[in-house]
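See structure below.
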Amino acid sequence: MSRKKSPPPRLRVRGLTRRFGDVDVVKGIDLDLKAGAAVALVGRNGAGKSTVLRCVSAADVPTAGTVELDGVKVEERSPLTRRDMAVVMDDMDFFPDLSVVEHLDLFARAHAVPDAEAVVDAVLHEVRLVPQSGQLPGTLSSGQRRRLALASAFVRPRKLLVLDEPEARLDSAGLEWLVERLRREKADGLGILLASHDASLVEAVADSVLDLDQRS
Amino acid sequence: MSGQGPQLRELRQQIRVWRRGRADKRLVDALSDAYVAVFATAMLTSMAVSVVLNVRTVAGTCTTTPCTDARAALPWLTGLALVAGALAVAGLFGPMLVSPAVGSWLLSTPVDRTALLRPRLAGTGAVAFALAAVVAAGVSALSGFPVEAIAAYGGCVGAACLLAVGLAAVCQARRLRWLRLLTWVLAAAVWAGLVALALDAVPAAAAATGTGWEVALVVAAVLAVATLVRAYADLARLGRDQLAPGGTLVPGLSGALAGLDFALVYDVLVERRWRARSTVRSVRGRGVGGSALAWREVVRLRRSPGVLVVLFAALVLPYLGDSLGLGRADLLLAAATGFLASLGLFSSLRVLSRTPSLVRCLPLTPAAVRSACLSVPSAVLLVWALATEPALQSAAGLAATDAVPLAVAVGVTAVAAVVRWVSGRPPDYQLPLVTSPMGAVPTSLYVSAARGFDVLVLGSAPLLLAPTSTGAAISIALDGIVLAVLLNRP
């Protein structure tokens with residue numbers, strides 16, 4: 001009887017190093033993230049949390065090391081990477097002339113989501129942006145823009161969620177919703193990699209914590 | 001300070017004292033800078049005057065009907081265009097505005113706002129008057145006006161622009177909305193004049209002559225003064241919400257212009273336009289994948305019909321070029337017009353170019369995303385180019401079989417130039433810096449100023465050298481290479 005080969009972890013990071021000039025902002029990061037699990041990156045400002053996330057999502061090129069999603073090397077130009085990885089970073093911007101609902105509708109359709117309208121309506125309701133659905137992004141408050149950014153990750157298919165301080169600018173009700181939503185994502189088999197300063201969010205969602213302060 | 005609240009003069013004096021305390025320039029440095037500025041101004045002015053006088057001599061010898069019509073109509077069209085421009089710029093910035101710092105630190109205090117704003121209104125009016133008068137004087141010189149009439153005409157147009165600034169200030173203070181409509185009406189009048197020129201249908205009575213401008217100057221000056229008096233009285237009505245937006249616009253635009261990053265200027269203006277609109281009637285999407293992006297372009301066009309109106313109104317320019325006898329150069333004029341008039345169509349490509357995070361949300365290659373965003377605007381621009389075909393055929397004396405391929409080549413060149421312009425990256429300050437009168441600047445700064453125009457010249461050169469189907473094929477091939485490189489960039 002042949003032994004069945006175990007599947008690769010959803011996300012595998014090996015020896016991730018990012019150097020700016022002579023400074024190693026992150027060095028030799030190893031990370032395995034299984035489907036249905038969440039890993040939180042914590043650390044002081046400048047510890048390299050966002051740098052790790054940018055390298056994982058291929059928004060930045062690591063100086064050394066590899067990042068694999070389901071055993072396949074992550075590449076920014078690859079449609080497969082962008083199909084499977086939903087990323088919400090701080091640099092998220094929007095089309096100035098598309099309304100809230102049109103942004104979500106566009107993302108859902110670009111990802112060929114079946115019954116896109118129903119999915120968009122459900123997420124819009126969930127993030128409490130129904131009253132603002134016809135509003136243009138430039139007129140939203142920072143908290144509403146954050147919700148829209150998070151909603152854009154939930155209207156599309158995904159295997160891995162990469163979130164940079166998702167709690168930023170959310171009110172307490174928004175934070176409760178976020179915790180609940182991320183737990184559901186985990187239960188549905190998604191992997192979650194997040195960077196956060198919010199201890200309650202990390203405690204409620206993360207299965208393991210990578211403290212970048214301890215590594216420096 | 002008085003017991004009734006702070007006096008603006010006292011605050012200004014205090015601010016002046018602080019600034020003097022931090023001055024890092026000696027008097028001799030300031031005098032040296034002033035010398036350079038005065039010398040440069042004198043040199044540029046003498047060059048401009050020389051050009052105007054030479055062109056005036058050449059224009060005086062033209063005898064064809066289109067040429068004499070153009071010379072006769074030029075002062076009217078320029079005057080209207082300058083007033084429309086003054087209204088548009090005044091409406092864009094306010095015209096009354098305060099910097100973000102003044103908005104935060106002075107407007108929140110009980111200072112006399114009228115005293116704060118009065119010098120600004122005077123300064124704005126003076127700048128509008130001076131610029132318009134100089135340009136109008138140059139144009140009237142080209143039209144063969146005698147010296148006294150040049151001064152009267154320049155003063156008249158300057159006063160009309162001063163009147164426009166005063167009107168804009170009154171409209172701002174009283175929250176009146178018809179300024180925009182008036183701007184469009186004046187722009188439409190200019191366009192109608194260009195159409196009349198293109199059709200050789202300028203009525204003889206409309207010919208501007210060098211007489212009667214003194215009366216017009218007096219009338220315009222009286223109206224301008226009356227409007228400015230009204231505007232001064234209305235300054236007290238202005239609220240912070242009316243003064244702040246223009247003030248926040250200025251730093252963004254000046255920063256972009258300092259870097260010669262005209263695409264960033266475009267971004268700032270587009271952002272402001274949509275922010276002012278606030279909400280739209282949402283339209284659900286169609287299709288999946290790239291076609292969903294293409295459908296959004298259709299929605300955008302329906303949402304911004306003004307962009308299409310401007311593009312198709314600009315069709316008059318190639319026909320005008322034909323009427324004025326530009327010959328082959330009309331091909332370059334058509335391509336340049338298509339390039340500049342269609343920039344508003346390509347806003348989504350611009351947004352995606354400056355925002356990689358949006359592209360990362362889409363499960364398509366960057367080239368596929370850009371191609372999808374390009375499809376609808378490119379099709380519109382090609383239709384526009386085909387509409388220039390009669391003008392190109394006539395202007396360049398083309399065979400009927402060559403005219404359509406050349407029109408297509410003009411359209412593709414315009415598309416390639418726009419894509420180059422909207423997908424440009426800001427100047428890279430990591431590059432080696434070179435010394436310039438503006439200080440140390442990266443070499444890419446100069447490249448960014450020429451962006452788009454370089455591709456325009458590249459694509460137009462084969463058309464100008466060989467206005468045949470072969471030239472069109474070479475032009476399309478060059479544009480295709482440029483587009484392939486730009487669309488496939490990481």
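The values are calculated or read from the model by the stated rules, or taken from the named source; none is laboratory data. Worth saying up front: this structure is predicted, and the values here are computed from it rather than measured. Using ideal geometry, Cβ is built from the backbone for each residue, glycine included, and neighbour counts are taken over all protein chains shown.
Below, the figures for the structure above:
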read-out: Sole residue being part of a loop (DSSP other than H, G, I, E, B) and either over 25 Å from B:G212 (Cβ atoms) or among the aliphatic types (A, V, I, L, M) (or both), chosen from B:P95, B:P119; value: B:P95
read-out: Residue under evaluation B:S254, criteria (1) surrounded by 13 or more Cβ atoms within 10 Å (Cβ to Cβ); (2) under 30 Å from A:P96 (Cα atoms); (3) not aromatic (F, W, Y), criterion not met; value: (1)
read-out: Single match in A:S200, A:S152 (criterion: within 18 Å of A:L41 (Cβ to Cβ) and of a type in the set (S, T, N, Q)); value: A:S200
read-out: Given (1) at pLDDT below 90; (2) crowded, with 16+ Cβ neighbours inside 10 Å, index of the condition B:R240 fails; value: (2)
read-out: Residue that is farthest from A:I192 (Cα to Cα) [pool: residues in the range A:75-88 that are buried (at least 23 other Cβ atoms within 10 Å of the Cβ) and more than 7 Å from every other protein chain (Cβ to nearest Cβ)]; value: A:V88
read-out: Among the residues listed as A:V61, A:V101, A:V87, the single one being in contact with an Asp or Glu (Cβ under 9 Å, 6 or more places away or on another chain) and part of a strand (DSSP E or B); value: A:V87
read-out: Among (1) under 30 Å from B:V147 (Cβ atoms); (2) out of contact with any Phe, Trp or Tyr (no Cβ under 9 Å at 6 or more places or on another chain) - the single one B:A84 does not satisfy; value: (2)
read-out: Of all residues making up the range B:210-235, the number that are under 22 Å from B:A164 (Cβ atoms), modelled with pLDDT under 90 and surrounded by fewer than 17 Cβ atoms within 10 Å (Cβ to Cβ); value: 3
read-out: Selected residue (criterion: surrounded by the most Cβ atoms within 10 Å (Cβ to Cβ)) from residues of the range A:89-124 that are more than 8 Å from chain B (Cβ to nearest Cβ) and without any contact (Cβ under 8 Å) to a residue 24 or more places away in the chain; value: A:D121
read-out: Helices (runs of 4 or more DSSP H) lying entirely in the range B:265-374 (those with 1 or more residues that are at the interface with another protein chain (Cβ under 9 Å from one of its Cβ atoms)); value: B:290-303, B:347-354, B:356-359
read-out: Answer from B:L253, B:L333, B:L293, B:L340 - the residue that is touching a residue at least 40 places away in the same chain (Cβ under 8 Å) and at negative phi; value: B:L293
read-out: Top-ranked residue of the range A:139-155 - restricted to ones that are touching a Leu at 6+ places or on another chain (Cβ under 9 Å) and part of a loop (DSSP other than H, G, I, E, B), ranked as nearest to A:S99 (Cα to Cα); value: A:L140
read-out: B:T63 over 30 Å from B:R180 (Cβ atoms), outside the structural domain of B:S108 (by TED's automatic domain parsing) and outside any helix (DSSP H, G or I); value: yes
read-out: Matching residues in the range B:375-407 - criterion: being over 14 Å from B:A335 (Cβ atoms) and among the β-branched types (V, I, T); value: B:V376, B:V380, B:V383, B:T401, B:V404
read-out: Exclusive hit being in contact with a helix residue (DSSP H, G or I) (Cβ under 7 Å, 6 or more places away or on another chain) and either assigned by TED's automatic domain parsing to the domain that holds B:F346 or assigned to a loop (DSSP other than H, G, I, E, B) (or both), set B:A461, B:A449, B:A407, B:A440; value: B:A407
read-out: Complete set of residues in the range A:130-159 that are within 12 Å of chain B (Cβ to nearest Cβ) and over 17 Å from the mean Cα position of the chain (by Cα); value: A:V130, A:P131, A:Q132, A:S133, A:G134, A:Q135, A:L136, A:P137, A:G138, A:T139, A:L140
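Conditions tested, residue by residue: (1) in contact with a Gly (Cβ under 8 Å, 6 or more places away or on another chain); (2) modelled with pLDDT of 85 or more.
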residue: B:L53; (1), (2): no, no
residue: B:P66; (1), (2): yes, no
residue: B:W76; (1), (2): yes, yes
residue: B:L97; (1), (2): yes, yes
